[in-house]
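The values are calculated or read from the model by the stated rules, or taken from the named source; none is laboratory data. Nothing here was measured: the structure is a model prediction, and the numbers come from that model. Cβ: placed from backbone, ideal geometry, glycine included. Neighbour counts: every protein chain shown. Only protein heavy atoms, including side chains, enter the accessible area calculation; ligands, DNA and RNA are left aside. Shrake-Rupley method; radii C 1.70, N 1.55, O 1.52, S 1.80 Å.
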Amino acid sequence: MSDDEIKREADDEKMVSDAFEQLVNDYLKSRHRKKVDLITKAFNFARQAHKGVRRLSGEPYIMHPIAVAQIVCSEIGLGSTSICSALLHDVVEDTDYTVEDIENMFGAKIAQIVDGLTKISGGIFGEQASAQAENFKKLLLTMSEDIRVIIIKIADRLHNMRTLESQPANKQYKIAGETLYIYAPLAHRLGLYKIKSELENLSFRFEHPEEYGSIVRQLQETQISRHLSFEQFTEPIEQALMAMGLDYEIRERVKTPYSIWNKMENKHVTFDEIYDILAVRIIFKPRNRQDEVDDCFKIYTALTKIYRRHPDRLRDWVTKPKANGYQALHVTLMSKQGHWIEVQIRSDRMDEIAEQGLAAHWKYKEGGEEITEDETEMNEWLHTIKEILDDPQPDAMDFLDAIKLNLFASEIFVFTPKGEIKTMPANCTVLDFAFSIHTFLGSHCIGAKVNHKLVPLSHHLSSGDQVEVLTSKSQHVQPSWINFVCTAKARAKIQAILRRAQREVQKVGEEMLTEWLQKNGFEPLLPVIDQLVKFHEAGSREQFYQALGEKSMLLGDADIDELKGKNKKKNDSTGGGWRKFVPFVKAKKTEEEHQPELFVVPEKFNRKKPIFLNDENIKQFLFPNCCHPIPGDDVLGFIDNQNRIEIHKRACPVANKLKASYGNRILDVKWDMHKRLFFDATIRLGGIDRRGLVNEVTRVISNQLSVDIRKLTFSTDNGIFDGSIELRVHDREDVKEIIDKLKDVDNLKEISQII
């Protein structure tokens, strides 16, 4: 061994020892029982198991489990069972040790958690859509056994995001997209707001590095003026709180780069137009726990005597906490400088729950860290998980949507006719509510009385609505209902009922076919049936039976000729209901001959290398209509089912699903264009109407910038105008130049590109 290798090994040993010592010290400072021996045993076992293995960054692999355990201990506040599980979470996946080995050495509880983490190792999703859905199911099933599985998995993902720099770009987009689509909302749902914000920011940083850098720079540039605003705003508040004799702390909270960018994108505004970047947090120690809710409202009353409050921006999560345990009182006040500033009022206990989520108020038994505190806030969520899992074969994307809609949705509170409160996802309908009470009620629902007014099935409910479901025995489940329900339970029940009805129709169709075959002297054998399925191009036996049962397809003489081998040309006869005709096929082929030849990904294709789009090859790639990327946009590639490459903006909603569901098909794509080709872009304008405004706008675009306008749309209402301009541009730089020039036009108040 060379001197350099000896020095490197010594440095590694010191790095590992220092990291573990820090973990132990932080654990000893916590309020958990002191099981240092167990943690040390887990560390030594994991270090030996991962010996000689390094991460892509070059550091010893054991640094990753230590870092995950550190997050679990210091940033989430869990105890020795979770810390040991974090230290051991990759042992079964990456070494020859088994779950049984873990159980023998560390007990059943740690083994169960490690087993759950092993099932979902390497991210939530695997290679194929069905495997991805199955892996997510395993995650949710294990989570309902012990919620700490997903908490440790979130900690694991957080450390992977913190060290994402060492991964190739296509992996960065895949991991960042999956994080934003699944892990950040999960962290939010568990009340881990600090971790949720960091996951969002890290995803944003890797997917949109330029925008991230720009917002961080602008936050730094405005820091002094923002802090001055904070001091001016809080000075009279401090005097009021001191007069009340409260033990308090006031913190300055700045909006995260991701949430700023999100608002800029959704509201089509610039950084300078976002006025809620600054928020104020008041954290107080109540004189006793019974008075903390009253103290929140006393502080609120004191604030409204100093500043004018926004009438629609009071959020009371003190008397009715969120499902993840979050409690606070949010009020928006008008500062003396004329800006709306949100103030969050919470006790020290509420603040701890807000920072660490449910883990902050879990208590453990002496025997083995079993959760004993009432977990009513999680029961409904875990119940929803079981309902989602009841759906036997969901499509991977539909399954993810069901998870997103139900587990991560905002909540509303709806009243039954007897005054009972029912928690429902925001944007739910009358039909969702009916199915949430009982399947019979949902199946026969014809509408409802909401606040004593008749409304249809598809009516969206709001918080505070009182709902009386109306039913009729003659009503039956309709396929169209799937289009407007949003809860997993309603969707699963409707699909199950429709599938049951479908099977009954197919059974009728099968009986009709058997009778027809026997009547015409044929045995109802599978090769005979398959010959007819192929003849009618029905796709499958089930579809064939369905068409027969619905009587949308009739069997005739052409079918007898087909079975007897008399048909020379499949499409010459008139017996089949679903057959395609030769002229149509020929016409389609003729159209396809004029299409440019698309690039098809070969079998041995290096997915780690970026693809460069240039003026010559750009027509070889697909540009779907979901996001309309143009040169200069942050983009990625996706290998579709036919091995062609689609180009999407990285922020495209469709791309977000693809990153989370088909991560292995994501490619890094870069532009290498030279302003030869033109692309469509649409700019939205808004402002105060005046004579000659449209002429001035078109003059700036056409004369000064020599850009072709394809379409111009303007409308005015009470002196306020709204419009859009469709242009032909070379790239993102052209769009930026146009927007910058239009800012000089008087009375134009809002200018943004429409995605």
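Is segment 213-263 rounded, prolate or oblate when judged by the Cα gyration tensor, a ≥ b ≥ c being the square roots of its eigenvalues, rounded requiring a/c under 1.5 and prolate requiring a/b larger than b/c?
Working: a/c = 4.07, a/b = 2.41, b/c = 1.69.
Prolate is the answer for segment 213-263, as a/c is 1.5 or above and a/b outweighs b/c.
Using θ = phi - 60° and the Karplus curve 6.51 cos²θ - 1.76 cosθ + 1.60, what whole-Hz ³J(HN,Hα) does each residue of segment 5-21 get, with Gly and Pro shown as x?
My calculation for segment 5-21 gives 5, 5, 5, 5, 5, 5, 4, 4, 4, 5, 4, 5, 4, 4, 5, 5, 4 Hz in order.
What shape does segment 435-504 take by its C-alpha gyration tensor, where a ≥ b ≥ c are the square roots of the eigenvalues and a/c under 1.5 counts as rounded, a/b above b/c as prolate, and the rest as oblate?
Values: a/c = 2.31, a/b = 1.72, b/c = 1.34.
It is prolate, given that a/c is not under 1.5 and a/b is the larger ratio.
Can you grab the distance from the C-alpha centre of segment 465-509 to the C-alpha centre of segment 691-755, Å, no decimals?
48 Å
When a/c reaches 1.5 or more, the comparison of a/b and b/c decides; with that in mind, is segment 665-742 rounded, prolate or oblate per its Cα gyration tensor?
Working: a/c = 2.97, a/b = 1.92, b/c = 1.55.
Because a/c hits 1.5 or more and a/b exceeds b/c, segment 665-742 counts as prolate.
Ignoring ligands, DNA and RNA, what percent of the 1.4 Å accessible area of segment 687-755 is carbon and sulfur?
Working: 1690 of 4220 Å².
Ligands and nucleic acids excluded, carbon and sulfur reach 40 percent.
Residues with amide H under 5 Å of Gln466's amide H, sequence separation 5 or more or different chain, H placed in the peptide plane at 1.01 Å from N; which?
Residues meeting the amide H criterion: Phe415, Asn451.
As a quick test, which of the pairs Lys7/Lys171; Lys14/Lys34; Lys322/Lys489; Lys14/Lys174; Lys267/Lys649 have an alpha carbon distance above 26 angstrom in this structure?
Working: Lys7/Lys171 32 Å; Lys14/Lys34 24 Å; Lys322/Lys489 21 Å; Lys14/Lys174 34 Å; Lys267/Lys649 18 Å.
Exceeds cut-off: Lys7/Lys171; Lys14/Lys174.
Please turn the phi angles of segment 59-67 into ³J(HN,Hα) values with the Karplus equation 6.51 cos²θ - 1.76 cosθ + 1.60 (θ = phi - 60°), one per residue in order, whole Hz, x for glycine and proline.
Those phi angles translate into 7, x, 4, 4, 4, 5, x, 4, 5 Hz.
For segment 599-660, which whole percent of the accessible surface, found with a 1.4 angstrom probe, sits on carbon and sulfur atoms?
Working: 1530 of 3080 Å².
Using a 1.4 Å probe with all protein chains present, segment 599-660 comes out at 50 percent carbon and sulfur.
Leaving out ligands and nucleic acids, note down the accessible area per residue over segment 649-755 with a 1.4 angstrom probe, in whole Å². Walk me through the numbers before you get to the answer.
Numbers: 5690 Å² over 107 residues.
Value returned for segment 649-755: 53 Å² of accessible area per residue.
Please list, ordered by chain and number, the residues whose modelled amide H lies under 5 Å from the amide H of Val53; skip anything fewer than 5 residues away on the same chain.
Distant-sequence amide H within range of Val53: Tyr61.
Assigning unit charges at the beta carbon (Lys, Arg +1; Asp, Glu -1) and nothing else, what dipole magnitude in debye, to the nearest 20, does segment 667-755 show about its Cα centre? It would help to have the intermediate numbers written out before the result.
Values: 15 positive and 17 negative charges, 36 e Å.
Dipole size: approximately 180 debye.
Residue-wise, which Karplus ³J(HN,Hα) couplings in Hz belong to segment 175-187, taking 6.51 cos²θ - 1.76 cosθ + 1.60, θ = phi - 60°, and x for glycine or proline?
Along segment 175-187, the couplings run 5, 5, x, 4, 4, 5, 7, 10, 5, 4, x, 4, 4 Hz.
Find the centroid of the Cα atoms in segment 43-67 and in segment 152-167, then give the distance between the two in whole Å.
Between the Cα centre of segment 43-67 and that of segment 152-167, the gap is 14 Å.
List the aspartates and glutamates whose alpha-carbon lies under 14 Å from that of Lys711, not counting same-chain residues fewer than 8 positions away?
Asp680, Glu726
What residues have an amide H closer than 5 Å to that of Ile412, excluding those fewer than 5 places away on the same chain, when H is modeled at 1.01 Å from N in the peptide plane?
For Ile412, whose amide H was placed from the backbone, the distant partners under 5 Å are Met424, Ala426.
Provide the per residue accessible area, probe 1.4 Å, for segment 6-70, rounded to a whole number of square angstrom. All intermediate terms of the calculation are to be shown ahead of the outcome.
On the way: 3620 Å² over 65 residues.
Ligands and nucleic acids excluded, the result is 56 Å² per residue.
Debye calculation, C-alpha points only, no solvent: report log10 I(q)/I(0) for segment 199-344 at q = 0.09, 0.12 Å⁻¹, in the same order as the q values.
Normalising to I(0) and taking log10 leaves -0.33, -0.58.
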